[in-house]
1. When you look at Glu2, is it in a helix (DSSP H, G or I), at pLDDT below 80 and loosely packed, with under 10 Cβ neighbours inside 10 Å, yes or no?
2. Determine whether segment 68-82 contains at least one residue that is modelled with pLDDT under 75, of a type outside the set (Phe, Trp, Tyr), assigned to a helix (DSSP H, G or I) and over 26 Å from the mean Cα position of the chain (by Cα).
3. So for segment 18-38 (the condition being part of a helix (DSSP H, G or I), modelled with pLDDT of 85 or more and of a type in the set (Val, Ile, Thr)), does at least one residue qualify?
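The values are calculated or read from the model by the stated rules, or taken from the named source; none is laboratory data. This is a predicted model, so every value here is computed, not measured. All Cβ positions, even for glycine, are placed from backbone atoms using ideal geometry, and neighbour counts span all protein chains on display.
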Amino acid sequence: MEGVDGEGIDKAVDSKDLQQQNKALDKLTDRVEDRQLDSNRVQEAMASISASAEADANAMRLRTIQTDYFSSVGFLMMFSLGLVLLW
């Protein structure tokens with residue numbers, strides 16, 4: 001048999017093994033990339049939540065300062081009005 005030699009069969013088997021190994025490696029690297037993407041998304045979400053919480057805390061501090069200020073001003077105005085009325 002002229003067209004059949006053992007070396008051709010070995011190359012076909014090696015090629016098939018190499019293809020399977022490449023597929024397995026691709027799956028593995030895809031999973032690593034997916035995990036890295038997921039990790040990046042989690043980190044971005046955590047940073048966003050942290051920034052939002054910080055913004056909320058700053059807004060609450062500002063409201064407290066404003067409330068305290070206007071309460072004091074209102075008290076002083078009422079006190080001054082009371083003194084004027086008493087005089």
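1. Numbers: in a helix (DSSP H, G or I): no; at pLDDT below 80: yes; loosely packed, with under 10 Cβ neighbours inside 10 Å: yes.
The answer is no for Glu2.
2. Of segment 68-82, the ones modelled with pLDDT under 75 are 81-82.
Within this subset, residues satisfying the condition of being of a type outside the set (Phe, Trp, Tyr) are 81-82.
Okay, now just the ones that are also assigned to a helix (DSSP H, G or I), so 81-82.
Narrowing the set further to residues that are over 26 Å from the mean Cα position of the chain (by Cα) leaves 81-82.
Within segment 68-82 (the criterion being modelled with pLDDT under 75, of a type outside the set (Phe, Trp, Tyr), assigned to a helix (DSSP H, G or I) and over 26 Å from the mean Cα position of the chain (by Cα)), the answer is yes, since at least one residue qualifies.
3. no
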